[in-house]
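The values are calculated or read from the model by the stated rules, or taken from the named source; none is laboratory data. Predicted model only: the values in this text are computed from it and were never measured. For neighbour counting, all protein chains shown are included, and Cβ atoms are generated from backbone atoms with ideal geometry for every residue, glycine included. Keep in mind that these areas ignore ligands, DNA and RNA; they rest on the heavy atoms of the full protein, side chains included. Shrake-Rupley method; radii C 1.70, N 1.55, O 1.52, S 1.80 Å.
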Amino acid sequence: MDQAVDPRDAHAPLTRTWNARAISPADDPGHNGRAHRVVREFTLDEVTGREQLHVTALGIYTIFLNGHRLGPDLLAPGWTNYDARLAYQTYDLDAALAPGSNRLEIWLGDGWYRGQLMWPQSMLHDTYGTRVAALAELTLDGDTLLATGPDWTSGPTPVLRNGIYYGETFDAREVDVPAEAGVEVVALDTAILVAQECPPVQELAPLSPVRSWGEARATSYDFGQNIGGYVAFTVTGDPGARLVIEHAEVCGQDGEIDNSNYRSAPARIEYTLAGNGPESYRPHFTFMGFRYARVTIEGDATLERIEAVPISSVTHPKGAFTCGVPAIDRLVLNTLWSQRGNFIDVPTDCPQRDERLGWTGDAQVFAATACWLHDCQAFFRKYLRELIVDQRPDGAISNFSPDPTRLHPDSFGIPPGSTGWGDVITVLPWTLWLHYGDKAALAEAFPAMQRWMDYLWSLSDGPIILPPPGTVDSGGRADPGFTFGDWLQPVGDNRKPQPTIGDDCAATLYHYISADLVARTAEVLGERDAATRFRARAEEIKAAFAEEFITPSGRIGASDQTTYALAFLHGLVPEQHVPAATRYFRRAVEATGGKIGTGFIGTPAILPALTRIGARDLAAMLLLNRDAPGWLYQVDLGATTIWERWDAMGPNGEIYDPEMNSYNHYAYGAICQWLFESVAGIAPDPDAPAFARVRVDPFVLPELSPVSARHETAHGEIAVDWTCADGRVAYTLTLPEGTEGHLPASPDRSELTLNGTAATAPLTLPPGRHEIAFRIAPAA
Ligand code: BGC
């Protein structure tokens, strides 16, 4: 089996010296044109099994070696800031080569390199360059056997058109068109090449249709699960017969597939049959976000088989959470699927519409949940490097990364640097520290973090950030300092909207969060001066926040859920205000009848903050609410991934505002972090990260009993099971070797026993299985 070399394998070369030259097909027609390939036949006297292929491309490549598609990796070389960093892959060729003559073909697609990026008002083509090209070298024990260069030939492929958003048009009659044209050597600075840094994108287990409807010539299929991926099918029929496949995440009220929310992304497959018996196909240069597909047949053809094939950079879950409420289990599963569908080389907002960008705010709020569900260390390290490349001279961090607008600033009117979004530069490395003890990530990001802090301070020349008023003008422009605030916060009845957090309050809260994290990072790195400086800055922001946003009677900001959530969670409520602010916080939740009132930045904080104030009743009310806005509303409506908007669909299946509406947006799935850390009660500890020490502090919601959680760490699996009846909790914790648990004293726990014997917290728990029992305080 041809396998990509594990990027984290110590033997994988980080950089290498290249003998190859980058070559572009002579007749490359430019973006949206027919995909071309570069080809070389060559002879090997013997094959040792140690041959390797090192390869990259400007564009996306698919390799055929002796007619067989090479390896399981997809969409390689992946998406990086191609002007600064370009990944190359190394494949062990094993059995793919034969003694005697061999043929290597590299097909080149437009990909992110020069295909459409972004939506019509901001649309870019040729973002990084106009010509696709391949760079490849076949080696044996480090010696070059073959390298791309002027002696290769080129020709068209059967891929008549391709694009990440577009989909693919494939004419199987064109498979054997000769490759007789020449190639053009193009400039490629090999100094920007880096060995593949994260797990490659690969296929997950395919999904068969669970339902189909329509007529034979236009049949719709439901694969039962919204995914990022593509269809694979087998068809028989006449030469020249055609299949057109449209995709959709949802069906409209008429029951037919509706992909109006894809906006300008066609996301279509058009396949023309060769007509030579059963023919199987899956796309080469694209993916879609979909649950449904409609196959229209033109001419005489029969579809023998169709499957939906999810693709992802995260292939093996590392965490699981189940409880006594099936809808919560589905919510967790939906989050897992949203992670899969959006972790396709870059952590994207959504996998379906003409966007699919590495939005930094989304990644920021979701990072911890991502690490609970999958091993994301290498994936996020790569993303972190893109963030660093994209940082502007004034310290602003991009709103999405890789950021195509860095090279084309006029294409998009919103300047980089939104608070809550750019703060990914502090939150993400800290998450990598907590989960993996990745000090190198902290060190690598530290200079960029400090520049981000300077940028934040510069916005209003002080601790209180005053973003420019308004949002975005009709031309899509915003002033520097613009913030997305608590994006997509539901405001309730539009005749009398609920109060929402002000942009100034949100930006200042995040100013504090980042200052605090930079101070902690400096401490870990032993940067004493910086630690003192940023701690002082954090304290200054905290004091200014209290003065500006907290009334003498303890009301904070707009007295809305997000403000209290962030202020309590991050310790911004001074001692003397805690009792009153707690009452106001409770009111902000009760006033909505238990409905969520938070957007992108408030949502991950609200349940952890209610946990902080011990509001078990309100946490349960928000979590278990089945109406919009709330987490379970979408589950009840049959969602299989997390929606972008709380009200993405009306109770009767009405599709809300398709101009900006995704059914696969992981941000609100960030709640899973709380399920692991509070409900299951296991959390990483910054003083002994990577779960060397586990904070054990369950916040028991009896309604969820029985709860079971698993998380695979580098030390082994941590397992929690608890049940709760009549206020008595039986909590079983299993810790692997190399870890130690710490259960703090808590007013919430009484009658504590450990393995049947009365115990007094705090408790230190060695590796092994522990039976802990306690009584929880009755609801407030
Ligand atoms: C994206 C996001 C993103 C937001 C910025 C949207 O179009 O889909 O999820 O964070 O814009 O506020």
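Which condition breaks for Leu303 when tested against (1) within 16 Å of the ligand (Cβ to nearest atom); (2) open to solvent by 20 Å² or more (accessible area, probe 1.4 Å); (3) of a type in the set (A, V, I, L, M)?
(1)
For region 405-420, indicate whether the set of residues that are touching a Lys or Arg at 6+ places or on another chain (Cβ under 7 Å) and within 15 Å of the ligand (Cβ to nearest atom) is non-empty.
Scanning region 405-420 turns up at least one residue that is touching a Lys or Arg at 6+ places or on another chain (Cβ under 7 Å) and within 15 Å of the ligand (Cβ to nearest atom).
Mind listing whichever residues of region 692-722 are part of a loop (DSSP other than H, G, I, E, B), touching a strand residue (DSSP E or B) at 6+ places or on another chain (Cβ under 7 Å) and surrounded by fewer than 16 Cβ atoms within 10 Å (Cβ to Cβ)?
Pro706 - this is the single residue of region 692-722 that is part of a loop (DSSP other than H, G, I, E, B), touching a strand residue (DSSP E or B) at 6+ places or on another chain (Cβ under 7 Å) and surrounded by fewer than 16 Cβ atoms within 10 Å (Cβ to Cβ).
State which residue pairs qualify: first residue under 15 Å from Asp516 (Cβ atoms) and inside region 530-559, second residue open to solvent by less than 20 Å² (accessible area, probe 1.4 Å) and among the polar types (S, T, N, Q) in any location, beta carbons under 8 Å apart, and separation of 6 or more residues or different chains.
Ile541/Thr508; Ala544/Thr508; Phe545/Thr508
Residues Gly163, Gly167: which one is more than 30 Å from Thr15 (Cα to Cα), under 26 Å from the mean Cα position of the chain (by Cα) and outside the structural domain of Thr286 (by TED's automatic domain parsing)?
None of the others qualify; the one that does is Gly167.
Please tell me if Pro490 is within 16 Å of the ligand (Cβ to nearest atom), touching a Ser or Thr at 6+ places or on another chain (Cβ under 6 Å) and modelled with pLDDT under 95.
no
Of all residues in region 358-379 being buried (at least 24 other Cβ atoms within 10 Å of the Cβ) and outside any helix (DSSP H, G or I), which is nearest to the ligand (Cβ to nearest atom)?
Out of the qualifying residues, it is Trp359.
For residues in region 642-670 being crowded, with 21+ Cβ neighbours inside 10 Å and in contact with a Pro (Cβ under 7 Å, 6 or more places away or on another chain), which is nearest to Leu331 (Cα to Cα)?
Once the filter is applied, the top-ranked residue is Ala670.
State the number of residues belonging to region 312-353 that are assigned to a helix (DSSP H, G or I), closer than 25 Å to Phe691 by Cα and within 16 Å of the ligand (Cβ to nearest atom).
Total meeting the criteria: 2.
Provide a single number: the residues in region 674-692 that are within 16 Å of Asp375 (Cα to Cα) and either among the hydroxyl-bearing types (Ser, Thr, Tyr) or touching a Phe, Trp or Tyr at 6+ places or on another chain (Cβ under 6 Å) (or both).
4
Which numbered condition in (1) more than 14 Å from the ligand (Cβ to nearest atom); (2) in a loop (DSSP other than H, G, I, E, B) is the only one that Ile388 fails?
Failed condition: (2).
Looking at the structure I just gave you, is Thr234 over 29 Å from Ile344 (Cβ atoms) and in a strand (DSSP E or B)? Show your work before the answer.
Details: over 29 Å from Ile344 (Cβ atoms): no; in a strand (DSSP E or B): yes.
Judged against the criteria, Thr234 is not a match.
Evaluate region 423-444: report whether one residue or more is open to solvent by 10 Å² or more (accessible area, probe 1.4 Å) and within 16 Å of the ligand (Cβ to nearest atom).
Taking every residue of region 423-444 in turn, at least one turns out to be open to solvent by 10 Å² or more (accessible area, probe 1.4 Å) and within 16 Å of the ligand (Cβ to nearest atom).
Given the criteria surrounded by 11 or more Cβ atoms within 10 Å (Cβ to Cβ), assigned to a loop (DSSP other than H, G, I, E, B) and among the aliphatic types (A, V, I, L, M), does Ala773 qualify?
Judged against the criteria, Ala773 is not a match.
Answer yes or no as to whether Asp345 is modelled with pLDDT of 95 or more, touching a Phe, Trp or Tyr at 6+ places or on another chain (Cβ under 6 Å) and crowded, with 22+ Cβ neighbours inside 10 Å. Please lay out each step first, then the result.
Numbers: modelled with pLDDT of 95 or more: yes; touching a Phe, Trp or Tyr at 6+ places or on another chain (Cβ under 6 Å): yes; crowded, with 22+ Cβ neighbours inside 10 Å: yes.
Criteria met by Asp345.
Here is a list of conditions, (1) closer than 23 Å to Pro608 by Cβ; (2) in contact with a Pro (Cβ under 8 Å, 6 or more places away or on another chain); (3) hydrophobic (A, V, I, L, M, F, W, C), and Phe379 meets all of them except one; can you say which number that is?
In the conditions (1) closer than 23 Å to Pro608 by Cβ; (2) in contact with a Pro (Cβ under 8 Å, 6 or more places away or on another chain); (3) hydrophobic (A, V, I, L, M, F, W, C), Phe379 misses (1) alone.
So Ala507 clears everything in (1) under 19 Å from Ala588 (Cα atoms); (2) part of a helix (DSSP H, G or I); (3) within 16 Å of the ligand (Cβ to nearest atom) except one condition, right? Which one?
(1)
So that you can scan it fast, the table gives a plain yes or no per residue for (1) at pLDDT below 95; (2) over 20 Å from Ala507 (Cα atoms); (3) within 16 Å of the ligand (Cβ to nearest atom); (4) touching a Lys or Arg at 6+ places or on another chain (Cβ under 6 Å):
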site	(1), (2), (3), (4)
Tyr584	no, yes, no, yes
Val589	no, yes, no, no
Gly593	yes, yes, no, no
Gly599	no, no, yes, no
Thr603	no, no, yes, no
Leu607	no, yes, no, no
Ile613	no, yes, no, no
Ala620	no, yes, no, no
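Would you point out the residue of region 636-679, among those that are part of a helix (DSSP H, G or I) and more than 19 Å from Gly319 (Cβ to Cβ), that is farthest from the ligand (Cβ to nearest atom)?
Result: Asp636.
Can you find even one residue in region 415-428 that is at pLDDT 95 or above, of a type outside the set (Val, Ile, Thr), within 30 Å of Ile682 (Cα to Cα) and not in a loop (DSSP other than H, G, I, E, B)?
Yes, region 415-428 has at least one match.
Collect the residues in region 155-178 that are touching a Lys or Arg at 6+ places or on another chain (Cβ under 8 Å) and of a type outside the set (D, E, K, R), keeping them in residue-number order. Can you show your working first?
In the first step, residues of region 155-178 are kept if they are touching a Lys or Arg at 6+ places or on another chain (Cβ under 8 Å); the result is 155-161, 164-169.
Scanning region 155-178 gives Gly155, Pro156, Thr157, Pro158, Val159, Leu160, Ile164, Tyr165, Tyr166, Gly167, Thr169.
Just checking, which of Ala639, Ala581, Ala567, Ala591 is surrounded by 18 or more Cβ atoms within 10 Å (Cβ to Cβ), more than 23 Å from Ile513 (Cα to Cα) and in contact (Cβ under 8 Å) with a residue 12 or more places away in the chain?
Ala639
Select, from Thr532, Thr508, the only residue that is out of contact with any Ser or Thr (no Cβ under 8 Å at 6 or more places or on another chain), open to solvent by less than 30 Å² (accessible area, probe 1.4 Å) and either assigned by TED's automatic domain parsing to the domain that holds Pro393 or closer than 18 Å to Phe600 by Cα (or both).
Numbers: Thr532 fails: open to solvent by less than 30 Å² (accessible area, probe 1.4 Å).
Only one candidate passes the filter, namely Thr508.
Taking strands (runs of 3 or more DSSP E) that fall entirely within region 51-136, which contain at least 1 residues that are among the β-branched types (Val, Ile, Thr), in the same structural domain as Val185 (by TED's automatic domain parsing) and touching a Leu at 6+ places or on another chain (Cβ under 8 Å)? Working first, answer last.
Working: elements: 51-58, 60-65, 86-92, 100-109.
Filter on region 51-136 gives 51-58, 60-65, 86-92.
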